[in-house]
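I have placed the structure first, in the form of structure tokens, so that the comments after it can refer back to it.
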């Protein structure tokens, strides 16, 4: 069968690999649809040991498809089932896995293999984070559960309540998931971005207000929008030290900042700790998701609660993935559907 293998930064190859045979508790899923992801592009450009582990490794982590083979003892699926594959689940009985924070497990190994004709799903994911997909829901819609679950996780960690103001910095694809997750909790949502088309998409997703930095300073406009106090919550979804600082500057006194976008390893931010202390600013780093968040994402997507047409645009064949990544490595592009 064909699979995309990651060998290092800017080096991915379509290779012929053996057809997987499921061991105890495992399943093999035939590709229905995978999705390209900004994190995959970041990994393509610079490497990503957290996501990919040791190289060479399988590539791609947003997948839905059909169960093609079952290992011994599998009770959560049967051959022919349409399923959504998560890329993690509790792995052992460590402190974090026992306490609903499997994404922080010291043995965490994120699952990859979406860019392939067939994917061998590990037993711990099969038993805890493999979800049925209704026949009425397209595979590419189901595959959105992974990124959407990360946004649901962030909104939950912040404890966002109905009527609170929540500002998202960054108008990329993850912003659209955050808008949906925050609106689902009843928040009034604003988005700070640059160009008009992404901000228009954020508004179409449900954002109540948008602010472009190309129109000049946004601080005063955000302050006025948020009742003169500043937003109750600010979600940084860019992943740069400058936007981390902007998030802290924009949040209201006593407010909460979500560091949602991942900065490069070793990056530092010169925070105003005087403001953090005396204005009682709370900082939350939020990474990844848990089975609870993934299940909620599948539910909301299946019920049509997400405007997926704003997020997915375009398609690419599995055979063309290496050239597609090479051509778009340094661009910001919408998610594309990957099929065999």
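The values are calculated or read from the model by the stated rules, or taken from the named source; none is laboratory data. Values in this document were obtained by computation on a predicted structure and should not be read as measured data. Every residue, glycine as well, gets a Cβ built from its backbone with ideal geometry; the counts of neighbours run over all protein chains shown.
Given the structure, is residue 326 exposed (fewer than 14 other Cβ atoms within 10 Å of the Cβ) and not in a helix (DSSP H, G or I)? No: the conditions fail for residue 326. Just one residue in the set 285, 206, 190 is at positive phi and in contact with a strand residue (DSSP E or B) (Cβ under 8 Å, 6 or more places away or on another chain); that residue is 206. Residues that are outside the structural domain of residue 248 (by TED's automatic domain parsing) and either at pLDDT below 95 or more than 13 Å from the chain's Cα centre (by Cα) (or both) number at least 3 in the following strands (runs of 3 or more DSSP E) confined to the range 103-197: 118-121, 130-132. Residues in the range 243-266 that are modelled with pLDDT of 95 or more and out of contact with any strand residue (DSSP E or B) (no Cβ under 7 Å at 6 or more places or on another chain) were compared, and the one that is surrounded by the most Cβ atoms within 10 Å (Cβ to Cβ) is 252.
Just one of the listed residues (127, 107) is free of Cβ contacts under 8 Å to residues at least 60 places away in the same chain and out of contact with any helix residue (DSSP H, G or I) (no Cβ under 8 Å at 6 or more places or on another chain), and it is 107.
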